[in-house]
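Student: Let me begin by handing over the structure; questions about it come next.
The values are calculated or read from the model by the stated rules, or taken from the named source; none is laboratory data. Quantities reported herein were computed from a predicted structural model and do not represent experimental measurements. Using ideal geometry, Cβ is built from the backbone for each residue, glycine included, and neighbour counts are taken over all protein chains shown. Heavy atoms of the whole protein, side chains included, go into the accessibility calculation; ligands, DNA and RNA do not. Shrake-Rupley method; radii C 1.70, N 1.55, O 1.52, S 1.80 Å.
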Amino acid sequence: MSRLKRTGRPYDIVLFGATGFVGTLTAEYLAAHAPEGLRWAIAGRSERRLRELRERLPGGASVGVLRADVADPASLRELARQARVVATTVGPYVTYGKELVAACADSGTDYLDLTGEPEFVDLVYVRHDTRARETGSRLVHACGFDSVPHDLGVYFTVQQLPEGVPLAVDGFVRADAAFSGGTFASALNQFARPLRMRAAARD
């Protein structure tokens, strides 16, 4: 697997969709916990809102601001070329994620999202896996509630058990929280597209 040269890019991580509900939470977490020397930026449609967010972040003066819009593929390609990793919170991904993941695959930029949309995951594999392998881009989905508590819970549980024995794990999650607008829109979108979801899975 070849990897495009990513040294010299101005940012280690760019957070796209930083002014949305989940994006703001993620930006606040990064500002509070980023390792020293991490070069990161927030990105989205409104430069004004991005600058307002940056002013509220601890240590925000060192955070970059990049304007990019899902309706402007050239801006997404420029965004991908400036980062080693792009993390996006802009969903529904099947509607708004296609151009960004394509830009990352072409640029050799690692890509992370929070999707819980099986159709989008399948489409990304079909359309971009070959190119991502050529450029060394890693395309990673479901880095949020859809998988993290379950994956970490299973990992922790398996570490407590003896090695080399067959096992099966069932998981149960109880939550007392409301959906964000983006999560609700993603769920509605998936329920409305059963035929396209099955077609993407077949591909």
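Student: Using a 10 Å cut-off on Cβ atoms, rank the peptides 131-144, 89-102 from the highest mean neighbour count down.
Tutor: 89-102, 131-144
Student: At a temperature of 4 °C and a viscosity of 1.567 mPa s, determine how fast the stretch 65-166 diffuses translationally according to Stokes-Einstein, using the Kirkwood radius over alpha-carbon pairs as Rh; express D in µm²/s, rounded to the nearest whole number.
Tutor: 88 µm²/s
Student: Okay, next question. Considering only protein heavy atoms, what is the solvent-accessible area of V70 at a probe of 1.4 Å, reported in Å² to the nearest 10?
Tutor: For V70, the solvent-accessible surface is approximately 40 Å².
Student: Using only the Cα atoms of the stretch 1-154, what are the Rg and Dmax in Å?
Tutor: Rg and Dmax of the stretch 1-154, Cα atoms, are 14.8, 42 Å.
Student: Here is a follow-up. Sorted by average packing, counted as other Cβ atoms within 10 angstrom per residue and highest first, what order do 60-69, 37-46 take?
Tutor: Per-residue mean Cβ counts within 10 Å order the peptides as 37-46, 60-69.
Student: A further question on this structure: Run the quick spin-label model on R202 and V126: label points 7 Å from Cα toward the beta carbon, then report their separation in nm to one decimal.
Tutor: 0.9 nm
Student: Please state the Cα pair-distance histogram of the stretch 3-72 with 10 angstrom bins from zero: what percent is in each bin?
Tutor: Going from the shortest bin to the longest, the percentages are 21, 53, 23, 3.
Student: At R0 = 22 Å, how high is the FRET efficiency between V173 and R138 if r is their beta carbon distance? Nearest 0.05 is fine.
Tutor: With R0 = 22 Å, the Cβ-Cβ based efficiency is 0.25.
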